[in-house]
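See below for the structure under consideration.
The values are calculated or read from the model by the stated rules, or taken from the named source; none is laboratory data. Predicted model only: the values in this text are computed from it and were never measured. All Cβ positions, even for glycine, are placed from backbone atoms using ideal geometry, and neighbour counts span all protein chains on display. All accessible areas refer to the heavy atoms of the entire protein, side chains included, with ligands and DNA or RNA removed. Shrake-Rupley method; radii C 1.70, N 1.55, O 1.52, S 1.80 Å.
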There are 2 protein chains.
Amino acid sequence: MDTGDVFDPNCPTRVVLDRIGDKWSVLVLLCLADGPMRFTRLRSRIGGVTPKVLTQTLRTMEQDGLITREVFAEVPPRVEYALTDLGRSLHDPISAVATWAETHVAEILRRRERSA
Amino acid sequence: MDTGDVFDPNCPTRVVLDRIGDKWSVLVLLCLADGPMRFTRLRSRIGGVTPKVLTQTLRTMEQDGLITREVFAEVPPRVEYALTDLGRSLHDPISAVATWAETHVAEILRRRERSA
DNA sequence: CAGCATCCCCCTTGATACTG
DNA sequence: CAGTATCAAGGGGGATGCTG
């Protein structure tokens, strides 16, 4: 397998880029960086996400080994999500992009309007 | 405008994240990091992209001020795309993510299969 | 060469409602 | 609380063909 060329459509790196490009995954990761968190907490912190989509996102991230899902046999039910080492290792790169975004958003919006 | 909370759905930072999440923008940016490039060159280096989508991507990136588009009045026509300073400033963060992707792709795919 | 025009499809995303 | 079920919609993305 060729992991050396992101430009190759068959390159598995594309898979990762797709996941990162996902609208919610990044937000979940940034959120969980503050520590383990329950479903409802995630949902309320990440504005605009529906339960279904949040569940989908969490399941996929779990399968990819980015987060863990721990169910406590209690009433009422409690489920905690947390970053794995792999997930944590992605935090810094993602965070750098987020910081860039926050820094340059204004400029981009300005240019976008100017060319509208 | 509140640029401080990525979790706010109205936060313009989301806009940038969306653009970055775009399937092709990242590839274009990585590609142009090697220097100015013509349409066809971009198209052949970025496997799997159709002209229409590539054009859309380039236009949007131009409007956002990430790249420039220079048309040479020649026959046959020649159009060169290049990164702006803004675009260049995004290269490092993006590149960090890409590197992460290449490094951890194998592990992710392994986990994904294991949980399938 | 560098693209625009068209048509189309599917797949994500979402709103709403319900449940173990 | 932490989800599932269902249904609807929209647009990103793609194939093809044409042109300045």
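At a glance:
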quantity: Odd one out for A:ASP85 among (1) more than 12 Å from DNA strand C (Cβ to nearest atom); (2) open to solvent by less than 70 Å² (accessible area, probe 1.4 Å); calculated: (2)
quantity: Count of residues meeting criterion [within 12 Å of chain A (Cβ to nearest Cβ) and more than 30 Å from A:ARG59 (Cβ to Cβ)] in the stretch B:73-116; calculated: 9
quantity: Where a residue in the stretch A:25-54 is of a type in the set (Lys, Arg) and its partner, wherever it lies, is open to solvent by 20 Å² or more (accessible area, probe 1.4 Å), with Cβ under 7 Å and at least six apart; calculated: A:ARG38/A:ARG78; A:ARG38/A:VAL79; A:ARG38/A:GLU80; A:ARG43/A:PRO51; A:ARG45/B:PHE7
quantity: Complete set of residues in the stretch B:24-41 that are facing another protein chain (nearest Cβ under 10 Å) and closer than 17 Å to B:ARG78 by Cβ; calculated: none
quantity: Of residues in the stretch B:58-72 being within 14 Å of DNA strand D (Cβ to nearest atom), more than 11 Å from every other protein chain (Cβ to nearest Cβ) and surrounded by fewer than 14 Cβ atoms within 10 Å (Cβ to Cβ), the one farthest from B:VAL15 (Cα to Cα); calculated: B:PHE72
quantity: Residues of the stretch B:58-83 that turn out to be hydroxyl-bearing (Ser, Thr, Tyr) and either assigned to a loop (DSSP other than H, G, I, E, B) or within 15 Å of B:ARG41 (Cα to Cα) (or both), as a count; calculated: 1
quantity: Residue in the stretch A:16-38 that is open to solvent by 50 Å² or more (accessible area, probe 1.4 Å), within 15 Å of DNA strand D (Cβ to nearest atom) and at pLDDT 95 or above present; calculated: yes
quantity: Test: residue in the stretch B:99-112 that is open to solvent by 10 Å² or more (accessible area, probe 1.4 Å), within 12 Å of DNA strand C (Cβ to nearest atom) and of a type in the set (A, V, I, L, M, F, W, C); calculated: no
quantity: Single residue of the stretch B:45-57 satisfying the filter (more than 9 Å from DNA strand C (Cβ to nearest atom) and open to solvent by 60 Å² or more (accessible area, probe 1.4 Å)) that is nearest to B:GLU80 (Cα to Cα); calculated: B:ARG45
quantity: Single condition A:VAL49 does not satisfy, out of (1) in a helix (DSSP H, G or I); (2) closer than 25 Å to A:ARG14 by Cα; calculated: (1)
